[in-house]
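Beneath this line is the structure, given in structure tokens, with notes to follow.
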Amino acid sequence: MHSLATAAPVPTTLAQVDREKIYQWINELSSPETRENALLELSKKRESVPDLAPMLWHSFGTIAALLQEIVNIYPSINPPTLTAHQSNRVCNALALLQCVASHPETRSAFLAAHIPLFLYPFLHTVSKTRPFEYLRLTSLGVIVETGFRHVGQADLELLTSSDLPASASQSAGITGALVKTDEQEVINFLLTTEIIPLCLRIMESGSELSKTVATFILQKILLDDTGLAYICQTYERFSHVAMILGKMVLQLSKEPSARLLKHVVRCYLRLSDNPRAREALRQCLPDQLKDTTFAQVLKDDTTTKRWLAQLVKNLQEGQVTDPRGIPLPPQ
């Protein structure tokens, strides 16, 4: 008992020392000479310091320093000359912005300042080199983390891939940070910016992991009533989404990915909740989702199989057929 009693104050002492180091590193962000190391150390600590976001947001010049890190690599985007070192460094800055994006005390101010818009140029990139891939994933991660609070563990698994370096996997959270909140202000922000076209672009041409995260963001937007109504409001918006999802299904039939297919099916299922979209999907739902193409991929995934069965059922309900049971085209 005595040894336990004497040992008890030690964690507090260590925590105090760590806290002094946190303050020191935050101060060091303001100086270009000490910023790189401070970015690295703070990005490592962001999970263990619950109030790091308010500390960053309210400390003088810190957010400006993080934005400077982002803007500094814009010239390396086009033409694409981004190096691994540059990518890792900016990913550390994005990891800290992810803290701010996901914290309840700072999220609204983060959105009001339109800081996510600084990341959109990264989502425009098309280079398939690893530095660019990490940069896109990290930026997508901010939106996932900020936007939708109620994200299940299975959803989060797609953001913690061993394919990513520590800096990128840590901050595969800023976009993510936004998407995790389910708050209307986040949905409204995403709908009034160009995040949907950017996600669709990545869904069409990104890596498997980037496609999965981008599809997850689209899925979360669709699951919101405002988001579903927005996408189904005009034929152009719906057809763009349906076209990209259709291309993805065709690609998945050749190169299967269970986790990506899951989010694609969920997007289709949610679209089928809208009457106009449901009518259109009766004509354009890929055959691969109606036959046994994905039976082997989904053999152990009861959730996705249930979603797929519900999708087919939704499209069959209310459909007019001839006496032989063959669907008739809409009038």
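Any idea how far apart A309 and T193 come out in nm if each label point goes 7 Å out from Cα toward Cβ?
Placing both labels 7 Å beyond Cα along the Cβ direction yields 4.0 nm.
With a sphere of radius 15 Å drawn around the Cβ of L311, what net charge do the other residues whose Cβ falls strictly inside it have (Lys, Arg +1; Asp, Glu -1)?
Values: positive: K262, R266, R270, R278, R282, K290, K305, R306, K313; negative: D273, E279, D287, D291, D301, E317.
Net charge around L311: +3.
Within the range 224-327, report the GluC sites (Glu not before Pro) that DSSP leaves as loop and that have at most 14 other Cβ atoms within 10 Å.
On the way: sites: E236, E279, E317; in loops: E317.
When the GluC sites (Glu not before Pro) of the range 224-327 are filtered for loop state and at most 14 Cβ neighbours within 10 Å, E317 remain.
Percent relative contact order of the range 188-328, based on C-alpha pairs within less than 8 angstrom and at least six residues apart?
21 percent
Please compute the volume of the convex hull spanned by the alpha-carbon atoms of the range 19-147 and report it per residue in Å³.
98 Å³
Do you know the relative contact order of the range 19-147, to the nearest whole percent, from alpha carbon pairs under 8 angstrom that are 6+ apart?
25 percent
Counting only other residues whose beta carbon sits under 13 Å from that of W25, what net charge do I get with K and R as +1, D and E as -1?
+1
For the range 186-237 and the range 70-119, what is the centre-to-centre distance using only Cα atoms, to the nearest Å?
20 Å
At V126 and K44, where each label point lies 7 Å from the Cα along Cα→Cβ, what is the point-to-point distance in nanometres?
3.9 nm
Since every read-out is calculated from the coordinates, none of them should be taken as a lab result. These numbers come from a predicted model, not from an experiment. Because the Cβ atoms are built from the backbone with ideal geometry, glycine has one as well, and the counts that use them run over all protein chains shown.
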